[in-house]
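Before any comments, here is the structure.
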Amino acid sequence: MRKFPNNFLWGAATSSYQVEGGNGNCDWWQWEKSAGKTMSGAACRHYEFYEQDFDIAKSLNHNAHRFSIEWSRIEPREGRFSKKELQHYLNVLLALKKRNIEPVVTLHHFTNPIWFAKSGGWEDQRSIERYLRYCNFVVPALAKYVRYWITINEPTIFISHAYLLGVWPPQKKSLFKAAYVEEHLALAHIKAYHLIHKIYKELSNCKPSVSIAQNVMAFVPCKRNLRNRLAAYLRAKVYNIGFLERISMGNFLKRLPLDFIGINYYSRQVVALKQLGKGNLAMDVCEKKHHRIAKNSLGWDIYPKGLYEVLLSLKKYNLPIMITENGICTKDDSQRWKYIHDHLKYIHRAIKKGVKITGYLYWSLMDNFEWDKGFVPRFGIVGIDYKTYKRIIRKSAKKFAEVCRTNILK
Ligand code: BGC
């Protein structure tokens, strides 16, 4: 029997664009059309059905819920802020509060308003002030109901997919541009961190808890030779903690501008270098099929122990950690429960080793629009019938609900 700390946050996560539907002022919407991709369209119609979805979360004993605010709704044209959309998110927060569910609110989850993307996006230095202007509109209005803020979701994934691999809009492949984007995202976070604290102070609110949601992975050397181990070590440094280190730079005491560390963990990478070159160090993975390991429906390795290893490696920062995403896409719901169970087992083990973990948010509350992969991958503990938009509560959701209710993992 494994007991979790008192006041542990249990719940699930979503992001606006992936569930709301009808986000026609967003760069992704335009990109789906121009690149001939699956359209997100009505997504899960969560924009209309959020009350019903929160009833489900409540019935599953969730006491926390992560969602994001869609910047392109709030500011559909540059400098024109929509009070109506702001009111919508206020209603969303009130709906959570009414059910005693603690909101964890993300301000940027991969998507941008079209006008922002068109006038330079995150490559442009003005991105920082534009993002802060948006935060300055949203945060004071919602502050009363929010303690946990995520400024930016997975900066490293955003940079790599949109500016290095070129598989997400704006589909650039440039180290040079990626470096600019990283710089701007880092500054945007640092400034937003201080801005949110300032707003809370001015409003005499109790202190907010602000973080990013950092994607992390386990990097496992295939053969444990020196070069594979070196590459695994370097990749963990760049991919898992590179952005964290970046935002502490220039800070005299090297104190991180974070009140907790939000982490998103899904999988591992098996490192096998073909030769010793810069590109090989960064990219080579084992292509042989000799690692017998279960996979999700996108082919990602399922490796719960990796979460434990990553959690221990973050202990040095001496900050509370929240698992802001962890999940599996699969057609086999019993595999989903096993995934959740095994990851929770390792989270509990990390807590026993002294890592301060404050919550676990499964990705995702419901099946949703999985970016360039469309609607095929099914991550939800709640299924969606995309013809009727009916919500189908899966068995894994009920098993997880028992953990949320008892605070105990059997
Ligand atoms: C993202 C989610 C995404 C999930 C599964 C995370 O990287 O934050 O938006 O759906 O992974 O791929």
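None of the figures in this text is laboratory data; all of them are computed from the coordinates on show. Note that this is a predicted model, so its numbers are computed, not measured. With ideal geometry, Cβ positions are generated from the backbone for all residues, glycine too; neighbour counts draw on all protein chains shown.
Evaluate Rg over Rh across the stretch 330-388, taking Cα atoms for both radii and Kirkwood's formula for Rh.
Result for the stretch 330-388 is an Rg/Rh of 1.09.
Less than 14 Å apart at the alpha-carbon level, and either on another chain or at least 8 residues along: which aspartates and glutamates does that give for Lys399?
Hits, sequence-local ones excluded: Asp333, Asp342.
Can you tell me what the convex hull of the Cα atoms of the chain projects to on average, as an area in nm²?
Its Cα hull, projected and averaged over all orientations, spans 19.6 nm².
Taking a cut-off of 17 Å between Cα atoms, list the aspartates and glutamates near Lys289, but don't count ones fewer than 8 places away on the same chain.
Leaving aside aspartates and glutamates fewer than 8 places away in the same chain, those within reach of Lys289 are Asp301.
Need one number: % antiparallel among DSSP beta bridges in the chain, to the nearest 5.
That works out to approximately 20 percent antiparallel.
Any idea what log10 I(q)/I(0) is at q = 0.09, 0.13, 0.14, 0.21 Å⁻¹ for the stretch 173-329, Debye with uniform C-alpha scatterers and no solvent?
The Debye formula, applied to the Cα set alone, gives -0.37, -0.73, -0.83, -1.41.
For the ranges 337-346, 234-243, 318-327, 291-300, what's the packing order if you count other beta-carbon atoms within 10 Å of each residue, average per peptide, and put the highest first?
In decreasing order of mean packing, 337-346, 234-243, 318-327, 291-300 become 318-327, 337-346, 234-243, 291-300.
Just want the ordering: Lys399, Lys118, from fewest to most Cβ atoms lying within 10 Å of their own Cβ.
Starting with the residue having the fewest Cβ neighbours, the order is Lys118, Lys399.
With viscosity set to 1.306 mPa s at 10 °C, what whole-number translational diffusion coefficient in µm²/s follows for the stretch 1-148 from Stokes-Einstein and a Kirkwood radius over Cα pairs?
For these conditions, the coefficient is 97 µm²/s.
So for the chain, taking the charge dipole from beta-carbon charges (+1 Lys/Arg, -1 Asp/Glu), which of Ala272, Gln52, Pro170 sits furthest toward the positive end?
Ala272
What pairs from Lys288/Lys353; Lys223/Lys356; Lys237/Lys274; Lys207/Lys345; Lys33/Lys177; Lys58/Lys345 go past 27 Å between their alpha carbons?
Cα-Cα > 27 Å for Lys288/Lys353; Lys223/Lys356; Lys207/Lys345; rest within.
According to the Kirkwood expression over distinct Cα-Cα pairs, how big is the hydrodynamic radius of the stretch 74-197, in Å?
After inverting the pairwise mean of 1/r, the radius is 15.3 Å.
Given bins 10 angstrom wide, list per bin the percent of all Cα-Cα distances in the stretch 275-410, short to long.
Pairs per bin, as whole percents: 10, 34, 33, 19, 4, 0.
Convex hull volume of the Cα atoms in the stretch 304-353, per residue, in Å³?
69 Å³
Sort out for me the Cα centre separation of the stretch 178-219 from the stretch 92-145, rounded to whole Å.
11 Å
Wrap a convex hull around the Cα atoms of the stretch 171-246, take a quarter of its surface area, and give that in square nanometres.
7.3 nm²
Given R₀ = 35 Å, what would the calculated FRET efficiency be for Leu276 paired with Arg2, taking r from the Cβ atoms and rounding to 0.05?
0.25
So the label point goes 7 Å from the Cα of Arg126 along Cα→C-beta, right? Which residues of the stretch 57-94 then have their backbone N under 11 Å from it?
Of the residues in the stretch 57-94, 78-79 have backbone N under 11 Å from the label point off Arg126.
Along the positive direction of the dipole of the chain (beta-carbon charges: Lys, Arg +1; Asp, Glu -1; about the Cα centre), which of Phe400, Gly120, Ala350 reaches farthest?
Going by the Cα projections, it comes out as Ala350.
How long are the semi-axes of the equivalent ellipsoid of the stretch 5-64, taking √(5λ) for every eigenvalue λ of the Cα gyration tensor, in whole Å from largest down?
One finds semi-axes of 30, 13, 8 Å for the stretch 5-64.
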